[in-house]
């Protein structure tokens, strides 16, 4: 079955709350309303994640409501000395209380817990603002600051809506935009992480879904400058049915070059050894050089998930839609595997 590109605004759900209109798009062309979903609220997952980096640091901000469990998590990763600090605040049975926006293009999230807070603010101009204040981050440290993420004019994304073959109500509606300029300052304990335009980048990962009973998802993304142009990508797959639209694409200055199927070749005996990435259309040959890993496990009654995440640098060669090839070295990014069952 050929991939189905969605070219106009369409509903994500049918009259009975069932998912419809599966495929992929360059824009957020599907309308989503969780109150119409034909599934218990505990099976709905809603998450927003930003991955921002400079030549010296990567910072990951995430707010996620998995129905059974919710969390706000931040990781500060030193790319030079290969150290990581992570703080996770978990909530049992959030069930929509985080008030996540129904659209990836509008709305804001304001997460609060006593004196700790994190804001994701979407401006009418398309700019994103991240504000954070964590008085106690890890061991006797703090994290506070503000970042502004801006986009290319007429930029594109990889937006997908995917079903599961044997679970009629399960779907994943997702968007990845890996091409933001990042500006601002993060005060981490007694040091400053400075983000300047042209030298700092951001990746936006957005997900609204009804979970299947079990899933394994692989996902990777990176961005950086190559010969004066911003090159970025997102690739991934899971147990979902991707026959009508994969979530794989490379971007040049915010313009999408769509790929078909991509496979992760992971050295299972040692995840910090180099990985290979290939595509079934022979347009991609890429190597990932990881340098640190984090494993996060969550369990609550019948819900169980494990995320194994590694960050590092990507090098390789990709063929664009016009047939030209781009070679790249040492793009900063990360890859992960998430196993989930409930």
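The numbers here are math on the coordinates, done by the rules we state, and not lab data. The structure presented is a predicted model; accordingly, all values stated were derived computationally and were not measured. Note that we place each Cβ from the backbone using ideal geometry, even for glycine, and neighbour counts take in every protein chain shown.
Tabulated data
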quantity	calculated
Max mean-square fluctuation residue, GNM over the chain, Cα-Cα springs under 10 Å, options 295, 109, 193	295
Ranking of 115, 26, 213 by count of other Cβ atoms within 10 Å, fewest first	115, 213, 26
Top of 117, 68, 24 by mean-square fluctuation, Gaussian network on the chain, Cα under 10 Å	117
Exposure proxy order (Cβ contacts within 10 Å, fewest to most) of 218, 98, 50	218, 98, 50
Centre separation in Å (Cα based) which lies between region 97-167 and region 275-342	21
Taking region 268-327 and dividing mean pair separation by its residue count, relative contact order in percent (alpha carbons under 8 Å, at least six apart)	29
Modelled FRET efficiency - R0 30 Å, residue 136 with residue 306, Cβ distances, 0.05 increments	0.70
Length-normalised contact order of the chain in % [C-alpha pairs under 8 Å, at least 6 apart]	14
GNM result for the chain, Cα springs below 10 Å: residue of 125, 238, 298 fluctuating most strongly	125
Fully extended contour minus Cα-Cα distance, from residue 273 to residue 189, at 0.36 nm per residue	27.1 nm
Cβ-based exposure ranking for 20, 88, in which fewest neighbours within 10 Å come first	88, 20
